[in-house]
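The values are calculated or read from the model by the stated rules, or taken from the named source; none is laboratory data. Not measured: the values here are computed from a predicted model. Every residue, glycine as well, gets a Cβ built from its backbone with ideal geometry; the counts of neighbours run over all protein chains shown.
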C-alpha cells in the first residue's frame with residue numbers, strides 16, 4: 001500500500017468517520033472501499049452492465065426494441081419534438 005494525503009470537507013470527514021465507527025474499521029478502510037467502488041463503476045464494462053440492468057425500467061417501453069426506441073428518440077431530438085416515443 002502507498003500512503004497518500006487528501007483534503008476533505010469537515011462534513012465528508014465526519015461522515016466517513018461515522019461509517020468507520022459503525023463498521024468497526026478504520027476510516028482508511030472506508031476510503032479505500034469507496035475508491036474501489038468508484039474505479040469499478042468507471043470501467044466501461046461496468047457502465048454497460050448498469051445500462052443493461054436498468055433497461056426496461058420505463059414500463060411503457062418494456063416490450064419494445066431498444067434500438068427502435070433510440071432511433072425514435074434521436075429523430076424527435078433532431079426535429080425538436082419533446083413528445084414521447086410511440087407505445
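Between a first residue in region 1-16 that is loosely packed, with under 10 Cβ neighbours inside 10 Å and a second residue that is modelled with pLDDT of 95 or more, which pairs have beta carbons less than 8 Å apart while being 6 or more apart in sequence or on different chains?
Between residues of region 1-16 that are loosely packed, with under 10 Cβ neighbours inside 10 Å and residues that are modelled with pLDDT of 95 or more, the close pairs are 6/31.
Among the residues of region 50-71, write down those that are part of a helix (DSSP H, G or I), out of contact with any helix residue (DSSP H, G or I) (no Cβ under 8 Å at 6 or more places or on another chain) and surrounded by 12 or more Cβ atoms within 10 Å (Cβ to Cβ).
Matches in region 50-71: 66, 68, 71.
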